[in-house]
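Following: one structure in structure tokens, then a few remarks.
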Amino acid sequence: MKKLLSVTGMLALILMAACGGGGSSDAEDTGHPEDSISEQVGSGQDENVCRVTMESIAMMILNEKGMSGSCPPTLEDFQELSPAYAEFDITCGGTPYEYETDRENFTITCPNGHGSIHNDEATWSW
């Protein structure tokens, strides 16, 4: 439960940053990329952002599996399940995540070496 709440909170931060849309912000621009979540999300290169994205996608796939009984066959099919899912960038730095499934289990792997998730087990710890 604690992990789910943590992931949900991180997902909310990503969605808020992604929904910001325009180039202007009410926050002061310090010129430091680490000060801006939206800049990190936009680059797709930040390891933590990548891992949070993979965890968020994994949690949503598990939710969909719970409702439908199976994992989506591809990440593109996952995105078609909900308008909210369509908003997710299923790439890291422009290179698509690798996704494998037998419809019962799945694995999401970062193409840039940031790790992977098999069902709800990540290769890293926070």
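Spin-label model, Met67 to Trp126: label points 7 Å out along the Cα-to-beta-carbon direction sit 2.3 nm apart.
For Phe106, the residues whose amide H sits under 5 Å from its own are Asn119, ignoring neighbours fewer than 5 places away on the same chain, with H placed 1.01 Å from N.
Taking each residue as 0.36 nm, the span from Asp102 to Glu80 lengthens on full extension beyond its C-alpha to C-alpha distance by 6.0 nm. Sequence-ordered 3J(HN,Hα) estimates for region 48-65 from the Karplus curve with 6.51, -1.76 and 1.60 and θ = phi - 60° stand at 5, 5, 4, 5, 5, 4, 4, 5, 5, 4, 4, 5, 6, 5, 4, 5, 4, 4 Hz, glycine and proline given as x.
Read-outs: derived from the displayed coordinates by stated rules, not from any lab. Bear in mind that the values here come from a model prediction, so they are computed numbers and not experimental data. Note that each Cβ is placed from the backbone with ideal geometry, even for glycine, and that neighbours are counted across all protein chains shown.
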